[in-house]
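Student: Here it is, the structure in full.
Bear in mind these aren't lab numbers, they're just calculated from the coordinates by the rules spelled out. Remember, predicted model here, so these are calculated numbers, not experimental data. Note that we place each Cβ from the backbone using ideal geometry, even for glycine, and neighbour counts take in every protein chain shown.
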Amino acid sequence: MKVMRWLGATSVLGVGWAQIGAAAKARAAEMALASAKQATAFDWSAVLWKLVWIETFLILFLCFRLVQLVVRYTGYDPFAKWDRDKANMRLWLIVGIGGVLLAIWGTSKHAHLYLPESASLHGNLIDGLRNGILSFTYPAFILVHLLLFYMIWRYYNGKVHTATYEETHHGLERGVLIAISIPVVAIAIAGIYIWSLPVHGQKPAKDQHTLEIEVVAEQFQWRVRYPGADGKLGRYHYTLVGGENVLGLDFTDPKSQDDVLPSLKEIHLPVGALVTIHVRSKDVLHSLFLPHFRTHVYAVPGQKNQVMFVPTITTQEMRRKTGNPDFDYELACNQLCGGAHYNMRMKVVVESWEEYQKWLSAQKPAYSPEQVTDARKTASNL
Ligand SMILES: [Cu+2]
């Protein structure tokens, strides 16, 4: 029966060797495609990789089946002398410790894919809250899993069979309950306070500049409206949308007449000012997402939404900080809103208040006398 053992071992080794060969071929195909850098209509390397995986699982399955059949028809069980509980326990330890190591490796490897550095006042608090929560949930995750697999080791076949029974210990339970409640309640209170900041929770400090702008979403672009010299956005009505008046501004309102509507694909924001963005949509659901400012709000047709934040780092400073001279903040649509959804992005320029004022004064207002008459005509026809 020794032959059986050799037969099994050599066939598994042979199959393993063949699989390594197939994987090497798939990798070579992948590298050849990458080096050719041609636009391939069909990615053959991906198919090869899938075949390698399917084959591997099939062969493993066949190996197990082969052993079963040999045991059934020859009565010879090569694993008869094995302590199966012990083997199971060891396999579980590999799964447990391997899983924990994989989690630590994965989180450290992908740490750079977390959100970019925060560039708003409330963003720093949100990051602080997240890091605070992670500082104890992450060690707890590791500890609980190590304990879980330690228990499997402890109670495996033999040494300790049964767990010890203890009467309910009310004092201990109460203690644990209180100990857990304190951080949970603290997180809830901090969360309510911090997450309300971008919604309605910020008031301008003394001498702090404020800016209210409007960002309007439509398939597939953003339009930004800045207030003119009066610092106030004027009225609009959806029935006035048409022709040149893309946002439906009511030019009979003097506050609308100096509003500025640049055709640029960028937003200008002054650093240190309390910026409020009014958001609306002309067609479908969109979503205004400013990841660096930890700011996100839906653009819903027929609904006025708003979000507020204080930018803390100018684009120039961020370029120095990241060492990337091409760095730019980004506004993205975070809602799959149609075929050209990917097109709904805009550069965000954060600059000093003076630079912002200078830039704004160089822009032309959207108002023209013809539009006022148009608007009046439309309004009288309503
Ligand atoms: Cu969109």
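Student: So what are the three principal axis dimensions of the stretch 110-156 from its Cα atoms, in whole Å, longest to shortest?
Tutor: 53, 19, 7
Student: If the chain between PHE64 and ILE189 were fully stretched, how many nm would it gain, using 0.36 nm times the residue separation less the Cα-Cα distance? List each step's numbers first, then the result.
Tutor: Working: separation 125, 0.36 × 125 = 45.00 nm, distance 5.52 nm.
Gain in length upon complete extension: 39.5 nm.
Student: How long is the gain from ALA229 to GLU330 if the chain were fully straight, where each residue apart is worth 0.36 nm and the alpha carbon distance is subtracted?
Tutor: Working: separation 101, 0.36 × 101 = 36.36 nm, distance 2.66 nm.
Between ALA229 and GLU330, full extension yields an extra 33.7 nm.
Student: Would you look at the GNM of the chain, springs on alpha carbons closer than 10 Å, and say which of THR162, THR210, THR107 moves the most?
Tutor: Of THR162, THR210, THR107, the Gaussian network model singles out THR162 as fluctuating most.
Student: Using only alpha carbon pairs under 8 Å that are at least six residues apart, calculate the relative contact order of the chain and give it in whole percent. Intermediate results must be reported in sequence, preceding the final value.
Tutor: Values: 485 pairs, mean separation 56.3, N = 382.
Relative contact order of the chain: 15 percent.
Student: Report the per residue volume, in Å³, of the convex hull enclosing the C-alpha atoms of the stretch 160-224. Kindly include the intermediate steps, with their values, before the conclusion.
Tutor: Details: hull volume 16.1 nm³, N = 65.
Spelled out: Cα convex hull of the stretch 160-224, divided by residues, is 247 Å³.
Student: Bin width 5 Å, alpha-carbon pairs only: give the P(r) of the stretch 210-381 as whole percents, running from 0 to the bin holding the largest distance.
Tutor: 1, 8, 17, 20, 20, 16, 10, 4, 2, 1, 0, 0
Student: Once you mark the trypsin sites (Lys or Arg not before Pro) that are in a DSSP loop and have at most 11 other Cβ atoms within 10 Å, what is the longest gap between them in the chain? Let's see the in-between values first.
Tutor: Numbers: sites that count: LYS37, LYS81, LYS159, LYS206, LYS304.
Between exposed loop sites, the widest span is 207-303.
Student: Right, next: Which shape class, rounded, prolate or oblate, goes with the stretch 52-164 when its Cα gyration tensor gives a ≥ b ≥ c as root eigenvalues, a/c under 1.5 marks rounded, and past that a/b bigger than b/c marks prolate? Present the calculation step by step, with values, prior to reporting the outcome.
Tutor: Details: a/c = 6.02, a/b = 1.94, b/c = 3.10.
Taking the square roots of the gyration eigenvalues as a ≥ b ≥ c, the stretch 52-164 is oblate.
Student: Using DSSP loop states and a limit of at most 13 other Cβ atoms within 10 Å to flag GluC sites (Glu not before Pro), what is the longest stretch of the chain containing no flagged site? Provide the component values of the computation, followed by the final result.
Tutor: Numbers: sites that count: GLU117, GLU166, GLU167, GLU244.
In the chain, the maximal stretch lacking such sites is 245-382.
Student: Hey, could you get me the Stokes-Einstein D for the chain, Kirkwood radius over alpha-carbon pairs, 37 °C and 0.692 mPa s, rounded to whole µm² s⁻¹?
Tutor: On the way: Rh = 27.7 Å.
Translational D for this selection: 119 µm²/s.
Student: Taking the Cα centre of the chain as origin and charging only Cβ (+1 Lys, Arg; -1 Asp, Glu), how large is the dipole, in debye to the nearest 20?
Tutor: On the way: 38 positive and 32 negative charges, 339 e Å.
Dipole size: approximately 1620 debye.
Student: Here's something else I'd like to know. Taking K and R as +1 and D and E as -1, what net charge do the other residues with C-beta under 14 Å from the C-beta of SER181 add up to?
Tutor: Numbers: positive: ARG174; negative: GLU173.
Combined, the nearby Lys, Arg, Asp and Glu give 0.
Student: Can you compute the modelled spin-label distance between HIS112 and THR56, with each label point 7 Å from Cα toward Cβ, in nm?
Tutor: Here the answer is 2.6 nm between the modelled labels.
Student: Have a look at LEU58, LEU247, LEU360 and report the one farthest towards the positive end of the charge dipole of the chain, computed about the Cα centre with Cβ charges (Lys/Arg +1, Asp/Glu -1).
Tutor: So the residue furthest toward the plus end is LEU58.
Student: Over 18 Å between Cα atoms, which of LYS203/LYS304; LYS255/LYS282; LYS206/LYS321; LYS265/LYS347; LYS203/LYS347 qualify? Intermediate results must be reported in sequence, preceding the final value.
Tutor: Working: LYS203/LYS304 20 Å; LYS255/LYS282 21 Å; LYS206/LYS321 29 Å; LYS265/LYS347 7 Å; LYS203/LYS347 27 Å.
Where the Cα-Cα span goes over 18 Å, the pairs concerned are LYS203/LYS304; LYS255/LYS282; LYS206/LYS321; LYS203/LYS347.
Student: Further question: Which residue fluctuates the most in the chain, going by a Gaussian network model with Cα springs under 10 Å, if the choices are PHE327, PHE293, PHE61?
Tutor: Maximum fluctuation in the GNM of the chain, among the listed residues, is at PHE61.
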